Amino acid sequence: MSRTKFFQSIFPPVLLAVSLLGIYASTLAPGLTWANGGSDGGDLIAAAATGGVAHPTGYPLYLLLARLFQLLPVGSLAFRTNLMSAVVTSLGAMLVYKLVTRSLSPLQVGQAWLAGLVAGYAFGLAPLIWSQAVITEVYAIHAFLVILILYLCAKPEPGSMIDQKNLDRQRGLVLGLGMGNHVTLLLLVPMALFLGSFHKRAFPDRSARIEKSWFGNFKLDTHSLLRQLLWFALGLCLYMILPLRALSHPPVNWGNPVTPGRFWWLISGDLYQGYYLQFALSGLWEHIQAWAALLLQQFGLPGLILGVIGLVIFITPSHLYLLSIWTAAVFMGFAVFYNSPDSYVYLIPMFTSFAIWIGLGVGGLLNQFSARFPKIALVFGLALLAYFVGCYVTHLRQVDASYDYRAENFGSEILSAAPEKAILFAKGDQAVFALWYFHFALRQRTDLTVIASDLLHFDWYQENLKTTYPALIIPDPFPWPATVAAANPLRTVCFVQYVDHTEMECGGLIESP
């Protein structure tokens, strides 16, 4: 391989991934963290480590991948799971590079590597993307899978039917498995399957093809569509590991999904469906303005302009063009109408599409300049690259999780102060999930009984408590903290929560509602 080819094809994406991984490592949460909206981390880590079932929608793919990283002989259990987010996001940035450089026209080959680097750093150093790369959450893998789907659906037509069949399998399987990480990937499925089955026509001569419109150059291949649907269904079968895991009665076992009704309750996210469309239409414009401001925060005004240029001027009608627009539109729509406190994270696929458009905009501009002013084009491209790399400085304080020891300190304080064989009633996700991490995943203070007060009204949780703590008496039919405490009079009762600081009160009872 020549030095030029090595520099343009291999060195830039490797440099991109390694440098981003180094940045993420320097800002990675050292253990369990609540930084960057990561309060669910304790639940995900504990479910992965104990063979359990995480909160709805179960996240089977995430749990399997997290368990693999948890086997690494480095750092704490939480650190290893945090590390997975960093590695996956770095690989996602590399895939953005590949997608952009492959999408540029042959006339832009000389500038493709530079445009790809700009897009990769724009993606990897966007504060929302970066914030999820340094904690335990499902959104780093979610972003990677979105990019992978864009890559597979924008892939050039294979040279043989065997290649096409393999590509169909890959597309369908990734879509199905991706649903096992986050169900909102369903929003991509219709367009991805359609475009994946939309293949070039065979024309007898070149002139006949030129006369056709872009859509006229393609036809729908029903065999390809059926093949993708089959592999999509196969990927969805990953959800069947959730009832299998539940059968072993793990301590973290949301929904205990061993019956069809409970299984559907879990994977449909029934617990959170109340957030959807729960706001006045008069506030819709405010939501849109907030998300527009967040977009500007990710890439700055130069990035915003470059993304629009890439989308409107330089991107050509293609599978990538259609699917990237679809991705941005449907996920923005979902984020706007899903009125949860963390709905902004659902904009990550939209920002991913925008980073790709930035790369295409840079490539188009460099191509325009390089014909007459090659040196100016190079300087301009390097200046844009410096701008996006320089965003490291401005975004660092927003996303750095390396300083956050709140969850670790909370867990240590509670477990060190709790009386022997006490019953701990924990309230709130931060307190509950942190205690699950220390108590179940790390197996600390096994003499204690940890009860999530907010889950006591679920029958599956009552069953879970009985299997996890056989000596604990759970009164029927509607247990509350006060009735559970009364049924276990020889045990000290403590009430635990975290509201800006650790709170634990032992010895008192809370009245039944």
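Every number in this text was worked out from the coordinates using simple rules, so none of it is lab data. Since the model is a prediction, treat every value here as computed from it, not as a measurement. All Cβ positions, even for glycine, are placed from backbone atoms using ideal geometry, and neighbour counts span all protein chains on display.
Details
- Here Kirkwood radius over Cα pairs in Å was computed from the coordinates, and among (1) 24.7; (2) 25.8; (3) 23.5 the match is (1).
- Part-to-part distance (alpha-carbon centres) for region 301-362 and region 9-35, which is given in Å: 23 Å
- Taking a straight Cα-Cα cut-off under 20 Å and skipping sequence neighbours fewer than 8 places away in the same chain, the aspartates and glutamates within cross-link reach of Lys165 are Glu157, Asp221.
- Of all segments of the chain bounded by trypsin sites (Lys or Arg not before Pro) found in a DSSP loop with no more than 11 other C-beta atoms within 10 Å, the longest spans 1-200.
- Put a dot 7 Å past the Cα of Cys237, heading toward its Cβ, do the same for Leu15, and the two dots end up 4.5 nm apart.
- Straight-line cross-link reach from Lys466 at under 18 Å between alpha-carbon atoms covers these aspartates and glutamates, not counting any fewer than eight positions away in the same chain: Asp447, Asp454, Asp476.
- Of all complete DSSP H helices in the chain, those with a Cα span along the helix axis of 18 Å or greater and a mean Kyte-Doolittle hydropathy of -0.5 or more are 11-27, 77-103, 109-124, 139-153, 161-179, 222-236, 284-309, 319-337, 348-370, 374-399.
- For region 418-513, GluC sites (Glu not before Pro) are listed when DSSP marks them as loop and at most 12 other Cβ atoms sit within 10 Å of their Cβ; the list is Glu420, Glu511.
- Applying a DSSP loop filter and a limit of 12 other Cβ atoms within 10 Å to the chymotrypsin sites (Phe, Trp or Tyr not before Pro) in region 337-441 leaves Tyr403.
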